[in-house]
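Visitor: For reference, the structure I am asking about is given below.
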Amino acid sequence: MAEHPAYPVGLRLTGRRVVVLGGGQVAQRRLPALIAAGADVLLVSPEVTPSVEAMADAGEITWHKRPYEEGDLADAWYALIATGDTEANTRASAEAERRRVWCVRSDDADEATAWTPATGHSEGVTVAVLTTDARGRDPRHTAAIRDAVVEGLRDGTLVAPHHRTRTPGVALVGGGPGDPDLITVRGRRLLAEADVVITDHLGPRDLLAELPPNVEVIDAAKLPYGRFMAQEAINNALIEYAKQGKSVVRLKGGDPYVYGRGMEEFQALAEAGVPCTVVPGISSSISVPGAAGIPVTHRGVAHEFTVVSGHIAPDDERSLVDWPSLAKLTGTLVILMGVATIGKVAETLIAHGKAPDTPVALVQEGTTAGQRRVDATLATVGETVKTEDVKPPAVIVIGEVVKVGPTVTAPRE
């Protein structure tokens, strides 16, 4: 029998009796999948681990608190033999053979009639890996193959084209602060499956190079605006491509709902009847300071942090930020889109009581190879931005946390 490879098959166990002999670590690892498959699980063992006992207490399995007895495999469709008693395992295996019950043995795979594959799951797909050569089985090798395939499916590096019709729609995907490795697993997978990608200039550009050549990539900054405002043009493009039956990804920097106008796009899509999925992203307001060695909170230093937009100066009547109140806070202040206005911001904060020597850090192009950190104080930051030629995108951190950690000028590998 060992000269022939195992025949792979998926068992549909819903409502069918599965018998597990032994309540140790092997059973603890295997039981959750059997329960998830809807099996009617009977566990036979004098003792079990606390986790297995919790499954029994919750009614997920039936536990007979005794050793194996002849007849325990009656009416079973599948059996897992995992006791520490070799003699009992042999007797149970023989019963399974007589009753034609497929049987897995944890102590002697050669005597089993079934093997448990290394399995993993990703978006409705189950990956199961079996070693075809019985004489050279290596569980670590099959597990490594399983992990590589599942990870590839999850992060989009292993792409299997869909041959059935997909539901068209739009995914608003937060790309993170810039480093392509910092996009979420779901975001990367949706990118790999997209027909059209409409991207911002702050979206992780390196991810676009990984897309298949048939994917249409559109720079949102170059859309033909005509009589529309820029955001209206983007909304219209999302709607039009989705209504053509295409899978569309709107790739944004950071998180779609943190100064990303994601809700405006979601509302426009909803009004047009276009299904939309929102995939959160890592916000630069936290990640970029962290990459530069700055914690936005730290015990004994800052118990809160506030994130504000600096794209409108404090003296502009359109500003919605309560700058006088911010000046009174003792925590960390993080400013996005504030390079052009930081001089006015600093003056306003000082005028309302913030100490002029309050530390300030400006982190340009955070998490990317071009990351640069420039330090200043509230009193000097306006001039420092000019002399150091700080350019957007940059995250500005104001507060004592700037002095807590080491200065990091480039992303950690």
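Visitor: Can we say R12 is closer than 30 Å to V127 by Cβ and modelled with pLDDT of 95 or more?
Guide: So R12 fails the test.
Visitor: Same structure, new question: For the condition within 17 Å of I183 (Cα to Cα), without any contact (Cβ under 8 Å) to a residue 40 or more places away in the chain and in the same structural domain as G370 (by TED's automatic domain parsing), what is the one hit in G300, G290? Even if it seems obvious, please write down each step before you answer.
Guide: Numbers: G300 fails: within 17 Å of I183 (Cα to Cα).
When all the criteria are applied, what remains is G290.
Visitor: Take the residues in region 251-268 that are surrounded by fewer than 19 Cβ atoms within 10 Å (Cβ to Cβ) and of a type in the set (D, E, K, R); name whichever of them is nearest to A361 (Cα to Cα).
Guide: Looking at residues that are surrounded by fewer than 19 Cβ atoms within 10 Å (Cβ to Cβ) and of a type in the set (D, E, K, R), I get R261.
Visitor: Further question on the same structure: Restricting the search to region 67-79, which residues are at negative phi, assigned to a loop (DSSP other than H, G, I, E, B) and not aliphatic (A, V, I, L, M)?
Guide: Selection gives P67, Y68, E69, E70, D72, W77.
Visitor: Can you report the number of residues in region 2-25 which are surrounded by fewer than 19 Cβ atoms within 10 Å (Cβ to Cβ), of a type in the set (V, I, T) and touching a residue at least 24 places away in the same chain (Cβ under 8 Å)?
Guide: So the answer is 1.
Visitor: So for region 344-353 (the condition being surrounded by 17 or more Cβ atoms within 10 Å (Cβ to Cβ), of a type in the set (D, E, K, R) and at pLDDT below 95), does at least one residue qualify?
Guide: no
Visitor: Follow-up. Output the number of the condition that A270 fails; it satisfies all remaining conditions of (1) in contact with a helix residue (DSSP H, G or I) (Cβ under 6 Å, 6 or more places away or on another chain); (2) over 20 Å from M337 (Cα atoms).
Guide: Answer for A270: the failing condition is (1).
Visitor: Is it the case that V125 is among the β-branched types (V, I, T), in contact (Cβ under 8 Å) with a residue 12 or more places away in the chain, surrounded by fewer than 15 Cβ atoms within 10 Å (Cβ to Cβ) and in contact with a helix residue (DSSP H, G or I) (Cβ under 9 Å, 6 or more places away or on another chain)?
Guide: Here the answer is yes, as V125 does meet what is asked.
Visitor: Among the listed residues G293, G245, which satisfies the condition of being more than 19 Å from the chain's Cα centre (by Cα), under 23 Å from V334 (Cβ atoms) and not in a helix (DSSP H, G or I)?
Guide: Only one candidate qualifies: G293.
Visitor: Do the conditions hold for V150, that is, is it under 30 Å from A291 (Cβ atoms), modelled with pLDDT under 80 and part of a loop (DSSP other than H, G, I, E, B)?
Guide: Against the criterion (under 30 Å from A291 (Cβ atoms), modelled with pLDDT under 80 and part of a loop (DSSP other than H, G, I, E, B)), V150 does not qualify.
Visitor: Is it true that some residue in region 48-61 is in a strand (DSSP E or B) and touching a Gly at 6+ places or on another chain (Cβ under 8 Å)?
Guide: Going through region 48-61, the residues in a strand (DSSP E or B) turn out to be 48.
Cutting the leftovers down to touching a Gly at 6+ places or on another chain (Cβ under 8 Å) gives us 48.
Yes, because at least one residue in region 48-61 is in a strand (DSSP E or B) and touching a Gly at 6+ places or on another chain (Cβ under 8 Å).
Visitor: Among the residues of region 269-323, which ones are buried (at least 20 other Cβ atoms within 10 Å of the Cβ) and touching a Cys at 6+ places or on another chain (Cβ under 8 Å)?
Guide: L269, the sole residue that qualifies.
Visitor: Next up: So how many residues does region 72-91 have that are of a type outside the set (D, E, K, R) and either farther than 23 Å from A112 by Cα or free of Cβ contacts under 8 Å to residues at least 24 places away in the same chain (or both)?
Guide: Residues in region 72-91 being of a type outside the set (D, E, K, R) and either farther than 23 Å from A112 by Cα or free of Cβ contacts under 8 Å to residues at least 24 places away in the same chain (or both): 2 in total.
Visitor: Need a quick list: helices (runs of 4 or more DSSP H) entirely within region 320-413 having at least 2 residues that are closer than 25 Å to L202 by Cα.
Guide: In region 320-413, the matching helices (runs of 4 or more DSSP H) lie at 342-351, 381-387.
Visitor: Let me ask you something else. Take the residues in region 359-373 that are without any contact (Cβ under 8 Å) to a residue 60 or more places away in the chain and surrounded by 20 or more Cβ atoms within 10 Å (Cβ to Cβ); name whichever of them is nearest to G399 (Cα to Cα).
Guide: That would be V360.
Visitor: Restricting attention to region 172-189, and to residues there that are buried (at least 23 other Cβ atoms within 10 Å of the Cβ) and of a type in the set (A, V, I, L, M), which single residue is nearest to the chain's Cα centre (by Cα)?
Guide: Only one residue fits best here, namely I183.
Visitor: Residue by residue through region 350-375, note down the ones that are in contact with a Gly (Cβ under 8 Å, 6 or more places away or on another chain), of a type outside the set (V, I, T) and on the phi > 0 side of the Ramachandran plot.
Guide: Matches in region 350-375: E365 only.
Visitor: Now for a different question. Condition first: at pLDDT 95 or above and β-branched (V, I, T). Now tell me which residues in region 224-257 satisfy that.
Guide: Hits for region 224-257 are I239, V248, V249.
The values are calculated or read from the model by the stated rules, or taken from the named source; none is laboratory data. On a predicted model such as this, the values are computed, not experimentally measured, just so you know. Neighbour counts are summed over all protein chains in view; Cβ atoms, including those assigned to glycine, are modelled from backbone coordinates with ideal geometry.
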